[in-house]
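The values are calculated or read from the model by the stated rules, or taken from the named source; none is laboratory data. Quick caveat, the model's predicted, so the values are computed rather than measured. Here the Cβ positions follow ideal geometry from the backbone for every residue, glycine too, while neighbour counts run over all protein chains shown.
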Amino acid sequence: MTDVTWIVIGVLIALLGGYFGIGRPLIQSKLSAEQIFMLQNFAKIAVQAAEQIIELITGKDKKTWAMDTVKALLAKVGLTFDDNTVSAVIEDQVYEMNKEKEKKEEEV
């Protein structure tokens, strides 16, 4: 029996290279800067609101609430994004928010 590990790794590298080389720029070119800004801004608003008004629920429930809120805001302006994209942008906003908190704590 042959070892297929290297073949699998080679295929994965080729697929990732294709995505980052061709797929990702193509996807980004289909979105305007305004659409990306709106998604990021709505995610930031939802994450900050979830932190402020929903203190008694877990992180998973906060994320669900934030995702629903972002999708509702996007729908009001006629935009839709898949759940993975919304989730990734929300996670990025949570990361940025936590980074800002750490920076403020270090200053004190």
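For region 47-101, the candidate set comprises residues that are hydroxyl-bearing (Ser, Thr, Tyr) and closer than 24 Å to Gln35 by Cα; within that set, the residue that is surrounded by the most Cβ atoms within 10 Å (Cβ to Cβ) is Thr69. Does region 59-74 contain at least one residue that is closer than 21 Å to Asn98 by Cβ and among the acidic types (Asp, Glu)? Yes, region 59-74 has at least one match. Among residues of region 73-91 that are assigned by TED's automatic domain parsing to the domain that holds Ala43, those with a beta-carbon under 9 Å from a residue that is of a type in the set (Ser, Thr, Tyr) at least six positions away or on a different chain give the pairs Leu74/Thr80.
Is one or more of the residues making up region 65-72 over 15 Å from the mean Cα position of the chain (by Cα) and modelled with pLDDT of 90 or more? Before you say what the answer is, go through the steps one by one.
Step one: filter region 65-72 for residues over 15 Å from the mean Cα position of the chain (by Cα), giving 72.
Filter once more, keeping what is modelled with pLDDT of 90 or more: 72.
Yes, there is a match, as at least one residue in region 65-72 is over 15 Å from the mean Cα position of the chain (by Cα) and modelled with pLDDT of 90 or more.
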